[in-house]
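What follows draws every value from the coordinates through simple rules; no lab data is involved. Values in this document were obtained by computation on a predicted structure and should not be read as measured data. Quick reminder, even Gly has a Cβ in these numbers, built from the backbone with ideal geometry, and neighbours come from all protein chains shown.
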Amino acid sequence: MQPGTFMMRFGVIVLLGPVALLISLLSWSIAPFAFCFIGGLILSIPFTLQINAEKAKFISIAENTQLSFNPEYPFMGEWAPSSPILWGKVGNNDCIVWFRKEPHLHRSWVDHKLESRKNSNLVFDTMLSRPIGLDLNIYPQNLLSTLSDKVKHGLFTTVQDIEIGIPAFDSAFRIQARDPDLVKHFLNSDRLNSILGYYHFIDTNVKLAFSTTISDDRISTICNLHTSRIDPNVATSVIIAMSQLAEQINQ
């Protein structure tokens with residue numbers, strides 16, 4: 001479940017409660033309040049079960065990866081990496097799992113214009129043991145990333161794309177960094193093969209469901225699926241693959 005879904009649905013009952021109480025007081029009858037209260041409890045049961053099912057998925061991921069699970073994680077409000085739902089070490093690398101608000105393009109049903117909104121996405125972050133120090137960003141070059149760039153930087157803004165001289169890599173990835181020459185030196189054949197191997201795994205197993213960016217201090221993967229559709233075993237495989245890639249990048 002995306003954070004806040006439960007409260008968005010159950011919030012109607014929460015709002016109706018005071019109204020029903022007022023009607024009860026004015027009519028000198030407990031019936032309206034009792035009806036709303038009991039109805040709210042009944043309607044809350046499937047949503048409570050859904051939340052418990054989503055928590056069970058995170059517990060399963062935690063058990064598979066030896067990460068710690070936060071049973072008090074707030075499924076509404078604001079979220080930050082300082083209070084993740086999962087955290088710990090996978091291999092030699094720190095890993096956190098948390099929700100983040102991401103900009104997305106939506107088409108308005110009123111005037112059919114594209115507009116930017118923020119949705120909640122599940123994020124897997126694997127930290128590099130040594131920051132690269134190049135203000136680096138590497139991510140796949142596709143329609144989704146192009147639309148995301150337009151949302152973040154503006155429709156007519158040219159986004160930096162460093163080419164390293166390997167056509168297969170240059171056409172598949174967008175590279176941004178402070179110093180193009182240092183990036184070419186950093187991306188040696190071993191690191192390039194590790195990056196290509198990781199993205200081949202993503203494309204083969206979870207294409208479009210997860211999108212990964214390699215940056216200066218972490219590998220960050222955003223889940224594009226609603227959490228009700230996440231397979232804990234697939235999420236576990238992604239976390240382990242990210243940790244392996246981080247170790248290879250740090251070599």
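The length gained on full extension between Ile164 and Asn205, counted as 0.36 nm times the residue separation minus their Cα-Cα distance, comes to 12.0 nm.
Close amide H partners of Asp94, meaning residues 5 or more places away or on another chain with modelled amide H under 5 Å apart, are Met127. Full extension of the chain between Asp135 and Leu196 gives 19.9 nm of extra length, using 0.36 nm per residue less the Cα-Cα distance.
For Ile219, Ile195, Ile59, Ile132, the sequence from fewest to most other C-beta atoms within 10 Å is Ile59, Ile132, Ile195, Ile219. Note on Asp216 and Phe186: the extension gain reaches 9.6 nm, defined as 0.36 nm multiplied by sequence separation minus the Cα-Cα distance. In terms of surrounding Cβ atoms within a 10 Å radius of their Cβ, Glu54, Glu63, Glu247 rank from fewest to most as Glu63, Glu247, Glu54. Site pair Gln50 and Arg178 shows an inter-label distance of 4.6 nm when each label is modelled 7 Å from Cα along Cα→Cβ.
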